[in-house]
Structures are given as structure tokens and as C-alpha cells.
Amino acid sequence: MPVDPRVEAYFASLDGLPRDIAHALSAEITSLGPHLSLGLAWGFPCWTGHERVFSLIAHKARCNLQLWNGARLADAFPDLVEGTGKALRHVKVTSVDAMDDGLSDLVEAAIALDRLDPQKVR
């Protein structure tokens, strides 16, 4: 499936550590959720299954992995999931090395939640 040129432009605009983290997160999501479609939403890469599952937002020294139904995963991953949103939560990824089995488990759980019990997001 061809990649949206706007998504390619977003990744191409990144430098240094955020670029490395963004590419690693994208590869992880694609590996664990090959059926998810990738597009641009609110100016950021967004992966969608039945509903939106993830967005990726690069900052100066990290990337946030937005979890569209992260509130439903927060109790199972209290050391990773941050925020107080009604549905949307995030994980701050500060290095490629921080992408461990716990983060992979969270990505898998978010994908499974979308597959088994999708909730409408805005």
C-alpha cells in the first residue's frame, strides 16, 4: 500500500533523536499491526483499524505515542501511559532504547482493543 506523501513529508521533516524514535515507533506499529492504515490526522501520522488507534507526535527531544483509547489501557500499563484525558492518553518515548517489551505489549494491547472492542473516537 502506498504511503500518503503527507506522512512521508512529516517523517522527512524530523531530525536527530525524534526522527530515530519516530521511525522506530512506526516500524514497531507496522510490524505488530500490518492491517492498520496510516494517514495524517490533525497534522500527525495516525494509524487506524476499526477506529483510530495511534498517533505520533514528535517533540524536540522525544516522541509522544498517542493512544486514542489509552484511558482503557492505563490501569494495565501504569508505568507507561500518561495523561488524564477521557479517552486519549500518551506514552513519552525519550529514546529508541526505551522501546522495550513493555511498550511492545502496550502497542499489541491497543491493537487488540481496537480489533475486539473498538470504541468510537472523535
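Those strands (runs of 3 or more DSSP E) of the stretch 36-122 in which at least 1 residues are out of contact with any Phe, Trp or Tyr (no Cβ under 6 Å at 6 or more places or on another chain) and of a type in the set (Ser, Thr, Tyr), considering only elements entirely within it, cover 37-41, 44-48.
Restricting to the stretch 81-122, count the residues that are more than 20 Å from Ser31 (Cα to Cα), in contact (Cβ under 8 Å) with a residue 60 or more places away in the chain and among the acidic types (Asp, Glu). So the answer is 0.
Checked against (1) basic (Lys, Arg); (2) modelled with pLDDT under 95; (3) surrounded by 15 or more Cβ atoms within 10 Å (Cβ to Cβ), Arg62 passes all but condition (2). Of Ser31, Ser26, all but one fail to be under 15 Å from the mean Cα position of the chain (by Cα) and without any contact (Cβ under 8 Å) to a residue 12 or more places away in the chain; the exception is Ser31.
Of the residues contained in the stretch 17-28, none is found to be surrounded by 11 or more Cβ atoms within 10 Å (Cβ to Cβ) and either of a type in the set (Phe, Trp, Tyr) or in contact with an Asp or Glu (Cβ under 8 Å, 6 or more places away or on another chain) (or both). Inspect the stretch 70-81 for any residue being on the phi > 0 side of the Ramachandran plot and at pLDDT 95 or above and give the result as yes or no. No, the stretch 70-81 contains no residue that is on the phi > 0 side of the Ramachandran plot and at pLDDT 95 or above.
The values are calculated or read from the model by the stated rules, or taken from the named source; none is laboratory data. Just so it is clear, the structure is predicted and the values come from calculations on it, not from any experiment. Backbone-built Cβ (ideal geometry, glycine too); neighbour counts: all protein chains shown.
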